[in-house]
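The values are calculated or read from the model by the stated rules, or taken from the named source; none is laboratory data. The model shown is predicted, which means the values in this text are computed figures rather than measured ones. Here Cβ is always computed from backbone atoms with ideal geometry, including for glycine, and neighbour counts include all displayed protein chains. Keep in mind that these areas ignore ligands, DNA and RNA; they rest on the heavy atoms of the full protein, side chains included. Shrake-Rupley method; radii C 1.70, N 1.55, O 1.52, S 1.80 Å.
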Amino acid sequence: MGQTPARPISTRVDDSSRAAGAPRAFARRGRVVAGVLTLVVALALTGTPGARAQSASPGQPAQAERDRPGPPLDKKKGFLRSTLARMTLEEKVGQLFFTSVSGLHANDTSGAAANQNRYGVDTPGEVVTKFHLGGVLYFANNITNPTQLNAFSNSLQEVAVGERSGIPLSLTIDQETGIVNRMQSPATEFPGHMAMGATRSPELAERAWTIVGKELRAVGVNWNFAPVMDVNTNPNNPVIGLRSLGEDPSLVGELGTVAVQAQQAAGVSATIKHFPGHGDTEVDSHFGLPLVAYDRDTLMNVHVAPFKQAIDAGVDAVMTAHMVVEVIDDELPSTLSREFLTGLLREELGFDGLIVTDALNMAAVERELGLGQDDVAVMAFEAGADVLLLPADFQLAYRGVLEAVRSGEISKKRLEASVMRILEAKYDRGLFHGPFADPEGVETTVGIPEHLATADEVARTSPTLITNGGDVLPLDASEIGNALVVGPSAANTSSLAGRLSQQGLNTTLLTVSTTPTAAQRSEATAAAGSADVVLVTTTNARGNASQRQLIEQVAATGTPLIVVPAALPYDAAFVSGADAIMVTYSSRPVAMRAVADVILGVARPRGLLPVSIPAADGQILYPFGHGLSYSGP
C-alpha cells in the first residue's frame, strides 16, 4: 500500500458565503447553459414491442405474456430507434426518473395516502402509468418476503409493458450487503463491504456477489445500486465507514470490480458509487453538504482510481456524490457539476454508460443550496446525469425537466441521448426480451443452503484478531464454567451468546443499552466478578463514553476480557484493559455467529485490517494489513 495523503478537514459548506460567488447554484434560470453532451446513433428502423397480455392470477403475468417474444437480438439498434421514435415527450422525460412507491403490489392501496401526497394517485401501478417511470427503487418497506417481492416486480412490469410505449421498468434496490441491505433473511445476508475487504479474497467476493445478483434477479430486481467504491481514508466519516471495502485504492478497486462483474454476469446492472469518492468526508450528505479540499493527485490516485478500474471493466452505471470537491468545481456538488459529470467522468475517464444521481431528496442538494427540486433536477441533467433518482418533490422535478425541454433549455438531442442510454441498458440486460421473473425461481434460488454456506464462509474469513494478550483466545469451552456476554441489542449480542452456547460454552447474556446506564454498568461489573471470562460487544466505543466506561469497569474486575467491536474497527483504539480484541465489521447474525466460532477455535482468525486504526492523537496503533491468528481450521 502506498502512502495515504494527509487528510484535510471536511466541513459543511457555508451557504451565506457561497451565495454571491455561485450564481449558477442560486439562479439556474439566469446562467448560460454550457455545451450539451452529444451522442451520434447510427440506427435503422425495425420491430415494435409486444402488446399487453392479461395476468392469469393477481401479481403474476399470464403464461402467454411471460413467453412473449422480445425484439430480435441481432436488430438492437433499429429496435431502440423505433422505440424512441414512437415515444411522446412525456414518456421520454418519464424514463429519466426513478423513484420509490408505497405499497407491496402494483394494485396495493395500503400506501394510498403516501402515494397521493407525493404523486396524486393511489397505487404503485398508477404512479408508473401517470409519470411513465423509467424505474422504481425498492426500500425495505416494500418487501415482506422474496415471494411477495417477485409478485410485486411482475405486477409492476405488467403495468409498464402494457402501456403505449411498452417499455419495461428498471427495478432497483440498494443491496450493498451489510448495514445497507433492503432484502433481508430469508434471502442470503453477507457481513458487508468492509468485512469483505478484510478477507482479501477476490474468489469469495466473486461467489458472494454472484449470489447477490442471482437472488435479486429471482425476485425481479434488475439493477443494484452497489458496490460502494468509496475509499474510506477518514475514520471520522459518518456516512461511508463499514460500507467501504477499505482505505487502500487497490483493494477497493480489485474487490469492487469483482462485485461489478459478478452481478452483471448474473443479469443485474451494477452501480459504482459515490463518484468521485465519498471516503474522506466528515459531513453526511443526507443531512448536509460535504466539502473536501485535497489536491487533484489525491482525488485521481486515491478516490477516483477504483472507479476508473470498474469503468474499464464495463460497469453499467455510476452514481454521483452530493459533495463539493474544490479542485474540480468549487461551487457545485458533483451531482450538479458539468465539470465532474461531463468533463471528468464522460470525457476524461471515458465512461459511456449510465450516470445516476444519488437520491435528490438528500439535504446536500435538497436544502443546503436553497434550490427548488425543479432546478435541482434540471441542473443535474444538464451536468450530464441520465437518471434522476428520488426527488423530494417528484411532481415539481418532473414538470421542471418537462418545461426545460419545451422551452429549449434542454435540447431534444440531449434528452434523447440519455433516453437512448436508458433503453439500451434495459435491452442489454434482457428486459425487452424477458421483463418478468419466474415465480418458481424464488424457492430454488433465494436463501438456499449453498448460498447460506458461502455467506458463512465469508463471515468466518473476515474476523480480525487485533490483540491476544496471554493467548486468552481461543477459548476452550470444556474449561470454562461460565462466560458472561454483555452488549447492546444493536450489536446483535444475542446472536453471539446464542452461538457460543450452541457450541458448548455455558453462557449468560446481559443486554445493555447502546449507551449503557450507570446501573447497567454496575450490574455488568458485578456479574463479571463471578464469571470465568467476559465478552463485551461495542457499536461505537470511540464516540460513546458509556461504552468505554463499561469496558473499563469490567476490566477492573480482573476477569479475562474479550472485546468484540461489532461495527467499525476504529473502536479497537478506544478499548482499555481488554485481554483480546476481535473485530467483526458487522453485527449481522451471520457475522456474530462466525466470530463466536473463531473465538472458540472452531475457525481460526484470518481477517486482515482493510483500514489502519489511529489513536486519538492520529498516531497509527494498528496498521493496514494487521491481523493475528492462532491454530484452527
| If residue 272 satisfies every condition in (1) at pLDDT 95 or above; (2) part of a loop (DSSP other than H, G, I, E, B); (3) not basic (Lys, Arg) but one, which is the exception? | (2)
| Of all residues in segment 346-377, which are in contact with a strand residue (DSSP E or B) (Cβ under 6 Å, 6 or more places away or on another chain) and assigned to a helix (DSSP H, G or I)? | 377
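Report yes if some residue within segment 451-467 is of a type outside the set (Gly, Ala, Ser) and over 28 Å from the mean Cα position of the chain (by Cα); otherwise report no. Outline the logic, then answer.
Of all residues in segment 451-467, those of a type outside the set (Gly, Ala, Ser) come to 451-452, 454, 456-458, 460-461, 463-467.
If we keep only those that are over 28 Å from the mean Cα position of the chain (by Cα) as well, we get 467.
Checking segment 451-467: at least one residue is of a type outside the set (Gly, Ala, Ser) and over 28 Å from the mean Cα position of the chain (by Cα).
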| note | Scanning segment 252-269 residue by residue, those buried (at least 24 other Cβ atoms within 10 Å of the Cβ) and either part of a helix (DSSP H, G or I) or modelled with pLDDT under 95 (or both) turn out to be 252, 255, 256, 257, 258, 259, 260, 263
| remark: Exactly one of 333, 306 is in contact with a helix residue (DSSP H, G or I) (Cβ under 8 Å, 6 or more places away or on another chain), under 16 Å from residue 260 (Cα atoms) and crowded, with 21+ Cβ neighbours inside 10 Å, and that one is 306
| request: From the list 105, 132, pick out the single residue that is on the phi > 0 side of the Ramachandran plot, open to solvent by 10 Å² or more (accessible area, probe 1.4 Å), out of contact with any strand residue (DSSP E or B) (no Cβ under 8 Å at 6 or more places or on another chain) and touching a residue at least 40 places away in the same chain (Cβ under 8 Å). | output: 132
| message | Just to be sure I understand, how many residues within segment 275-284 are open to solvent by 10 Å² or more (accessible area, probe 1.4 Å) and touching a strand residue (DSSP E or B) at 6+ places or on another chain (Cβ under 6 Å)? | response | 1
| If you scan segment 550-580, which residues turn out to be buried (at least 24 other Cβ atoms within 10 Å of the Cβ) and of a type in the set (D, E, K, R)? | 571
| remark: (1) touching a helix residue (DSSP H, G or I) at 6+ places or on another chain (Cβ under 7 Å); (2) open to solvent by less than 30 Å² (accessible area, probe 1.4 Å) all hold for residue 547 apart from (1)
| query | If you check 220, 213, which single one turns out to be at positive phi, of a type outside the set (Val, Ile, Thr) and either within 16 Å of the chain's Cα centre (by Cα) or surrounded by 24 or more Cβ atoms within 10 Å (Cβ to Cβ) (or both)? | reply | 220
| query | Regarding residue 191, is this residue modelled with pLDDT of 95 or more, at negative phi and open to solvent by 10 Å² or more (accessible area, probe 1.4 Å)? | reply | no
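Please verify whether residue 149 is surrounded by 19 or more Cβ atoms within 10 Å (Cβ to Cβ), more than 18 Å from residue 442 (Cα to Cα) and not basic (Lys, Arg), treating the condition exactly as stated. Before the answer, list the steps.
On the way: surrounded by 19 or more Cβ atoms within 10 Å (Cβ to Cβ): yes; more than 18 Å from residue 442 (Cα to Cα): no; not basic (Lys, Arg): yes.
Against the criterion (surrounded by 19 or more Cβ atoms within 10 Å (Cβ to Cβ), more than 18 Å from residue 442 (Cα to Cα) and not basic (Lys, Arg)), residue 149 does not qualify.
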| query | Hey, which of the helices (runs of 4 or more DSSP H) in segment 514-633, taking only ones fully inside, have at least 1 residues that are aliphatic (A, V, I, L, M) and within 25 Å of the chain's Cα centre (by Cα)? | reply | 589-599
| note | Going through segment 434-451 in order, the residues found to be open to solvent by 50 Å² or more (accessible area, probe 1.4 Å) and either modelled with pLDDT under 95 or over 17 Å from residue 589 (Cβ atoms) (or both) are 438, 440, 443, 444, 450
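The rows are residues; the columns are (1) polar (S, T, N, Q); (2) more than 27 Å from residue 209 (Cβ to Cβ).
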| site | (1), (2) |
| --- | --- |
| 273 | no, no |
| 294 | no, yes |
| 307 | no, no |
| 318 | no, no |
| 328 | no, yes |
| 332 | no, yes |
| 357 | yes, no |
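Evaluate the following for residue 409: is it touching a residue at least 12 places away in the same chain (Cβ under 8 Å), assigned to a loop (DSSP other than H, G, I, E, B), open to solvent by 20 Å² or more (accessible area, probe 1.4 Å) and more than 20 Å from residue 224 (Cβ to Cβ)?
Values: touching a residue at least 12 places away in the same chain (Cβ under 8 Å): yes; assigned to a loop (DSSP other than H, G, I, E, B): yes; open to solvent by 20 Å² or more (accessible area, probe 1.4 Å): yes; more than 20 Å from residue 224 (Cβ to Cβ): yes.
In short, yes.
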| said: Suppose we filter 491, 483, 404, 417 for residues that are among the small types (Gly, Ala, Ser), surrounded by 23 or more Cβ atoms within 10 Å (Cβ to Cβ) and more than 30 Å from residue 596 (Cβ to Cβ); which single one remains? | reply: 404
| said: For the list (1) touching a residue at least 40 places away in the same chain (Cβ under 8 Å); (2) assigned to a helix (DSSP H, G or I); (3) surrounded by fewer than 21 Cβ atoms within 10 Å (Cβ to Cβ); (4) not polar (S, T, N, Q), I need the number of the one condition that residue 343 fails. | reply: (1)
| task | Give just the number: which of (1) among the hydroxyl-bearing types (Ser, Thr, Tyr); (2) in contact with a Pro (Cβ under 7 Å, 6 or more places away or on another chain); (3) open to solvent by less than 30 Å² (accessible area, probe 1.4 Å) does residue 454 not satisfy? | result | (2)
| Failed criterion for residue 450 (all others in (1) within 30 Å of residue 78 (Cα to Cα); (2) among the acidic types (Asp, Glu); (3) in a helix (DSSP H, G or I) hold) | (1)
